[in-house]
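One structure below.
What follows draws every value from the coordinates through simple rules; no lab data is involved. All figures in this text were calculated on a predicted structure; none of them were measured in a lab. Cβ coordinates were reconstructed from backbone atoms using ideal geometry, including for glycine residues, and neighbour counts include every protein chain displayed.
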Amino acid sequence: MTLPSPGQRVLMAGNNAIAQGAYEAGVYFASGYPGTPSTEILEVISEYPEIRAQWGTNEKVAFDEAMGVAMSGKRALVSMKYVGLNVAADSFMVFPFAGTVGGFVVISADDPGMYSSQNEQDNRYFARLAQVPMIEPSDPQEAKDFVRLAFELSEKFSTPVMYRTSMRVSHSKGMVTVGERSEVPAKTFVKDIPNWVVPVFAKGLRAKLDAKLARISEYVETYPYNRVEEGSSKVGVITSGASYTYAKEILPDATVLKLAITYPLPKQTLIDFCARFDQVYVIEELEPFIEEQLRFWGVTNIIGKDRFPHTGEFSPDVVAKAVFDEEPVQDFSGEFDLIVRPPQLCPGCPHRGAFLALRKSGALVNGDIGCYTLGCLPPLSANHTTFCMGASIGNAFGFGVGGTDKVVAIIGDSTFVHGGIQPLIDVVYNGGNTTVMILDNRTTGMTGHQEHPATGMTLQGKEAPRLDLVKLVKAIGVEHVQVANPFDQKEMYSAVKEALEYQGPSVIMTNQPCIFARGEKGRKYTPFVVLEDKCTKCGACQRIGCPGVLPGEVPAIDEVACTGCSLCEQACKFGAIVRKGDA
Amino acid sequence: MSSVTNLILSGVGGQGVLLASEVLALVAAEEKAEVKQTEVHGVAQRGGSVVSHLRFGDKVYSPTVRTGTADILVAFERLEAVRYGHYLKPGGLMLVNDLEVMPGQVGDFKPYPAGIMEFLTGKGFKILEVPATAKAKELGNPRVASLIILGALSVHLDLSREAWDTVIGRRIPPKLVDINMKAFQTGVEIGTGIKVSASA
Ligand SMILES: Cc1ncc(C[n+]2csc(CCOP(=O)(O)OP(=O)(O)O)c2C)c(N)n1
């Protein structure tokens, strides 16, 4: 990547702009854990040699490390998908009681509309819960500029600052004028036990936090980036983030109060603004976060969630419907059979072999978060529950305690390192008869193939001590540990069978890489082909759920897609599938 | 709003829709005050439906295009032309690649829908069929289909050839610039040469 030079106006995605903003703000340390739509922030930051950047094992660890750097006096940020803040919430709630020394910014990337997420959650409430100021950019230029503002705010008030982005801001490109990096002088941590040992001094610190928030609330009343754009019509609009861009499209003549800081809200500014108009639209994606506070302050001339949806992503169409009752143009699904293109495990995905064996075993499978969540789809249909990262193992233990027979937890390598280790310790400690299958494809697949401790590579692709998962699970106390090849169905199935029959905790580790894992991309494959004269059209090869085995009465194999994994060959009882060239 | 050009590019993951959007956005960035481009980054698997929104002009706020307002829809695959057809303004221009990619199947088998081009023509859109996949094979590299499509599109946009050449030269790896330039030129000829079939 060639980095832009100061003064240049370049096209940048929001996440790249955030990274550039971190660079310009003199950030010293950045950590995080991958998760859509936040992942690129850290990946791009890793290209700036001035910033020490790293993947943490999970968001809580990444948070605590960045928080340590900030306490030591240097600017630090931590970046995560919005659900990551659930994981890091313990630290996020307590750290504000103490405040910070160097600037500390917590980036939370929300996903309204759940384009690639397990739930929909409005993380603005986290800022209120933690009593931490929050800033929200609307476009790539602001995405960059607001990083510096966030650090200034953090240092001015000695507080962590939440920087909330959303999928559309993070994943939209726009023109950005880039600037220079300014190095920020480091501050020093002063040993001051009554400030930094929070639990012992919590009561006093709580009062200090309230006082700090009162000062910030006063400050935001005149904050220049909370701005009013005067319009010619009689309509008032209060908005922030991506919603601002939609409001400007649909209500170009309205007077708009655009908020940069959405917590704490500028109470008097808002009340005065609303008093100027008969009616004011509060245009905010997801929950009525601003609206609720306005109503609490007695403002009644506002139109909010009575007209606007509280779920899903906004768009100009959504705003036009809410404001003018203008219906969007309907898609053609009513007139034409728009068959969908469902997400599927790739041809050559090792998870498929694991699911075929699990399906055959008849086990109840407690799944986790990753590409392998898709094992729930037909024809595999062998992942029966999934919630959030790390839940599989505890859930499987619980099913066992509840009396269900033959239960398997499945968990990816990245997810295991993120949140699977402690539950496995618990299973051993509490005498669970639980089988855990670690689907080790040597990468964090679903989020775009990031490294993690068990891949033995850093964020920058440098070698690091590799976490040996087999040794780890043995050290935890699991005695029955098997490593199995998911592309060898005999081996895979017998491993599952043996683990299920075994009394006590057991672990199966799969050992084949993702086709996109490091070093796998350039690999040459010999594809398989169908011998039509031997094919009985039984459809067994089509029931392994591989997109490379094409549908139709007589199956065919897509030679470009096929990686030669041989699962279709093993599914064929008639020897009608052979490696190309062996026919 | 009228000074803003609205485009939708659609296709199937792995076809180069995102690369084409990036090149197009960079070309627009050379000549226009503002450009916004966005797409949904789905999960890592291939073969899903991909749609990219692109807007450029003097002042652009929203990165997403309103339904029924796109000036041009560029479909890298036929079914994906129908899927996002409602974004196109009435009588708008649709560039459709000559490719049908069978959707992955979960559950009961569904054949590839027939009659796509007739359906779209019946909707009153101006349709330009671009045999990019076939032409790319003729040029000896199926991956340059997206540059052929961009070439055909360029004929219908107010962006200079110089800007296209600059961006292609900058964005495409040096070894591949020549074949991509050739592909682009092939597209330009298709875009100029073939009669746009106005309909109904
Ligand atoms: C708390 C939290 N952080 C991050 C994510 C984003 N995310 C989705 S799946 C995944 C990990 C996938 O890696 P792995 O477990 O190795 O499975 P694979 O996709 O490679 O099969 C991550 C980080 C999330 N859903 N929740």
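Specify the inter-centroid distance of the stretch A:491-505 and the stretch A:367-392, based on alpha-carbon positions, in whole Å. Here the answer is 20 Å between Cα centres.
Counting Lys and Arg as +1 and Asp and Glu as -1 over every other residue whose Cβ lies under 12 Å from the Cβ of A:Asp306, the net charge comes to +2. Neighbour counting of Cβ atoms within 10 Å sorts the residues A:Ser46, A:Ser233, B:Ser146, fewest neighbours leading, into A:Ser233, A:Ser46, B:Ser146.
Centre-to-centre separation between the Cα atoms of the stretch A:310-361 and those of the stretch A:544-569: 24 Å. Peptides A:484-491, A:333-340 ranked from most to least packed give A:484-491, A:333-340, packing being the mean of other C-beta atoms within 10 angstrom over each peptide's residues.
Pairs of Lys residues in the stretch A:350-510 that lie 8 or more places apart, or on two chains, and have C-alpha atoms under 18 angstrom apart add up to 4.
Computed over neighbours whose Cβ is under 12 Å from that of A:Phe146, the net charge equals -3, Lys and Arg +1, Asp and Glu -1. Between A:Val329 and A:Val554, the FRET efficiency estimated from the beta carbon spacing at R0 = 60 angstrom works out to 0.90. For the pair A:Gln460 and A:Ser5, the difference between a 0.36 nm per residue extended length and the Cα-Cα distance amounts to 161.6 nm. In this label model, A:Ile425 and A:Trp297 are separated by 4.7 nm, measuring between points 7 Å along each Cα→Cβ vector. Cross-link list A:Lys305/B:Lys32; A:Lys173/A:Lys267; A:Lys74/A:Lys208; A:Lys156/A:Lys267; A:Lys144/A:Lys305: which exceed 25 angstrom alpha carbon to alpha carbon? From A:Lys305/B:Lys32; A:Lys173/A:Lys267; A:Lys74/A:Lys208; A:Lys156/A:Lys267; A:Lys144/A:Lys305, over 25 Å: A:Lys305/B:Lys32; A:Lys173/A:Lys267; A:Lys144/A:Lys305. Bridgeable lysines around A:Lys524 (alpha carbons under 24 Å apart, same-chain partners fewer than 8 residues away excluded): A:Lys580, B:Lys137, B:Lys175. Neighbouring Cβ atoms from other chains, within 10 Å of the Cβ of residues in A:171-180, number 5 on average. Note on the stretch A:19-157: along the principal axes its Cα atoms extend 36, 33, 29 Å, ordered by decreasing extent.
Shielding of peptide A:546-556 by partners, expressed as the average count of other chain Cβ atoms within 10 Å per residue Cβ, is 2. Note on B:103-114: average number of Cβ atoms from other chains within 10 Å of each residue's Cβ is 6.
When a/c reaches 1.5 or more, the comparison of a/b and b/c decides; with that in mind, is chain B rounded, prolate or oblate per its Cα gyration tensor? It is rounded, given that a/c, with a ≥ b ≥ c, falls under 1.5. Once you list every other residue whose beta carbon is under 11 Å from the beta carbon of A:Pro34, what net charge do they have if Lys and Arg are +1 and Asp and Glu are -1? Local net charge: -3. Label reach from B:Thr192 (point 7 Å along Cα→C-beta): in the stretch B:133-173, amide nitrogens under 14 Å belong to B:151-157, B:161-162. Taking a ≥ b ≥ c as the square roots of the Cα gyration tensor eigenvalues, the protein assembly as shown comes out oblate, since a/c reaches at least 1.5 and a/b does not exceed b/c. Counting only DSSP beta bridges whose two residues both lie in the protein assembly as shown, roughly 35 percent are antiparallel. Using a simple spin-label model with pseudo-atoms 7 Å out from Cα toward Cβ, A:Arg276 and A:Val578 lie 8.1 nm apart. Each peptide in A:407-414, A:555-562, A:187-194 receives the mean, over its residues, of other Cβ atoms within 10 Å, and ordering these scores from highest gives A:407-414, A:555-562, A:187-194. For chain B, set up a Gaussian network in which alpha carbons nearer than 10 Å are linked by springs, and say which option among B:Ala25, B:Ala81, B:Ala134 fluctuates the most. Evaluated over chain B, the most mobile residue of the options is B:Ala134. With a Förster radius of 51 Å applied to the beta-carbon distance between A:Tyr525 and A:Arg227, the computed FRET efficiency rounds to 0.35. For A:Asp192 and A:Glu501, what is the calculated FRET efficiency with R₀ set at 60 Å and r taken between the beta-carbons, to the nearest 0.05? So, using R0 = 60 Å, E works out to roughly 0.55. Look at A:Met509, A:Met446 and count the other Cβ atoms within 10 Å of each Cβ; fewest to most, that gives A:Met509, A:Met446.
Pull out a ≥ b ≥ c, the square roots of the eigenvalues of the alpha-carbon gyration tensor of the stretch A:528-579, then state rounded if a/c is under 1.5, prolate if not and a/b is larger than b/c, and oblate in the remaining case. Note, shape of the stretch A:528-579 comes out rounded. One chain, two ends: A:Tyr125 and A:Asp337. Fully extended at 0.36 nm per residue, the span grows by 72.2 nm beyond their Cα-Cα distance. Placing +1 on each Lys and Arg Cβ and -1 on each Asp and Glu Cβ, with no other charges, gives the protein assembly as shown a dipole about its Cα centre of roughly 1080 debye.
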